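Step one of this worksheet: look at the structure below.
The values are calculated or read from the model by the stated rules, or taken from the named source; none is laboratory data. What you are looking at is a predicted structure, and each value in this text was computed from that prediction instead of being measured. Glycine also receives a Cβ, built like all others from the backbone with ideal geometry; neighbour counts cover every protein chain displayed. Protein only, heavy atoms only, side chains kept; ligands, DNA and RNA dropped before computing areas. Shrake-Rupley method; radii C 1.70, N 1.55, O 1.52, S 1.80 Å.
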Amino acid sequence: MPLEICLTDLTTLHLFELVFGRRIHHAISYLASIWRGDLSQGLDTCTYMADLQDRLEVIRTEMAARTSEAKQTAREKQDHKSLRHFSVGEKVLFRIPGLSNKLGSSWEGPFQVEKVIGDLNYVISMVVDGKSHKRTDYVNHLKPYIEGLMVINRVVVITDECDNCCLPDGDPLSYLSDSQSKELQSVLSKFKDTFSSVPGITNICLFRIDTTQETPISLPPYRVPNGLVNQFKVELDVLLAQGVIEHSDAMWAFPAIPVRKKDGGLRLVVDYRRLNSITPSLPFYMPTVEEVIAKLGGAQYFSKIDLTKGFHQIPIEKESITFITPFGKFRYLRLPFGLKNAPAHFQSMMSQCLSSVSHCSTPYIDDVIIFSKSWSQFI
């Protein structure tokens, strides 16, 4: 049967050659050696060992030459990929092995380039844990550091009672010029109707729920703490007035409870775990934070929009989302929180809405960040 011959990646020599100093004889090569009369027969031990020593020395010399050539080739390929160049005084990020995961690494910095050594090595001045030291490293362990803008939090509240939309008094946006502030106020005034605490409704999509069973699931209501009963009733009345929910007599029923938010208000939460267990998953890719941040590279101006109860702006059809409370049964007319495919469906809808402006905006669920390289593009 044929014998498999393995070659080493670094030297391209057979493993048999590295051990015995000669090529392995498989069936065809053995027959060829017999026909050529190359087989050595009747050698005494001393002659065989001397011949083996000579062959191993030849192989050792050849292996050293091939190893050196392979290393040089690999280095040239690696250097060819290193297209980054830094100058003295430039700020860079340095790849440091991860503290929690020894097999991982993270970019830390910024650090300053102190000296350039050749084309591919740099001396970096680093301050780590309060200690200053210098380190020489390869260019592939460095990448440019982009100066970021000062982070300033500003909240502009626009209501229907505002006759003139303006920025808050006593809190000027000092990082903008007078002309830029006026342009910003003009844009906010022009689109002040867009900012509202009442969720709108989209006509782009309709959320549907497919279940693996048709038999309704009906669960008893959860007990509501006495201190939250009145607030819970008020929250239901608000959702009824906004058209988010309606009364229902469907056979489906999932318990709902009020959850207090950080601002002191209440959030209606429905336990849809039983419904989610019989709902097939909707395949849709959710962008990672790293991908979102990478897309913002090079931009100078940013603005973030947080949608008002974003899920409640998507209409829904299905009686299986009926929930039960001590005040009766209700059915969601808009997409509620807690459904299995709600985040994927919402992200898909947002990507569809912003497809024409994807070059300057990126959505992540109900948060949209708008970015641009110049003020004119930003406005």
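Per-structure values
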item: Cα-based shape type of the range 198-257, given that a ≥ b ≥ c are square roots of the gyration tensor eigenvalues and the cut on a/c is 1.5; result: oblate
item: Trypsin sites (Lys or Arg not before Pro) restricted to the range 178-241 and DSSP loop, no more than 16 other C-beta within 10 Å; result: ARG223
item: Coil-residue trypsin sites (Lys or Arg not before Pro) of the range 314-379, DSSP, other Cβ within 10 Å capped at 13; result: LYS373
item: Largest to smallest principal axis extent of the C-alpha atoms in the range 181-285, angstrom; result: 59, 41, 26
item: Given charges at beta-carbon only (K, R positive; D, E negative), |dipole| of the range 218-315 in Debye; result: 260 debye
item: Charge dipole (debye, nearest 20) of the range 186-257; +1 at Cβ of Lys and Arg, -1 at Cβ of Asp and Glu; result: 320 debye
item: Cross-link reach list, lysines versus LYS295, counting only Cα pairs under 20 Å and skipping chain neighbours closer than eight places; result: LYS143, LYS304, LYS373
item: Extension gain from ALA74 to ALA241, taking 0.36 nm per residue of separation minus the Cα-Cα distance; result: 53.1 nm
item: Under 21 Å from the Cα of LYS131 - lysines, other chains or at least 8 residues apart; result: LYS91, LYS115
item: Per-residue HN-Hα couplings for the range 276-282 [Karplus 6.51, -1.76, 1.60; θ = phi - 60°; Hz; x = Gly/Pro]; result: 5, 5, 10, 10, x, 6, 9
item: Residue (of GLY264, ALA250, THR212) at the positive-pole extreme of the range 201-278, dipole from beta-carbon charges; result: GLY264
item: Dipole axis of the range 274-356 (+1 Lys, Arg; -1 Asp, Glu on Cβ), positive-most option in PHE337, THR325, HIS312; result: THR325
item: The range 279-309: chymotrypsin sites (Phe, Trp or Tyr not before Pro) in DSSP loop, at most 16 other beta carbons within 10 Å; result: PHE284, TYR285
item: Computed magnitude of the charge dipole of the range 263-342 (debye, nearest 20; Cβ of K, R +1, Cβ of D, E -1); result: 300 debye
item: Solvent accessible area, Å² - ASP367, 1.4 Å probe, full protein context; result: 50 Å²
item: Hits among lysines - C-alpha to C-alpha of LYS233 under 25 Å, sequence gap 8 or more where chains match; result: LYS261, LYS262, LYS309, LYS318, LYS329
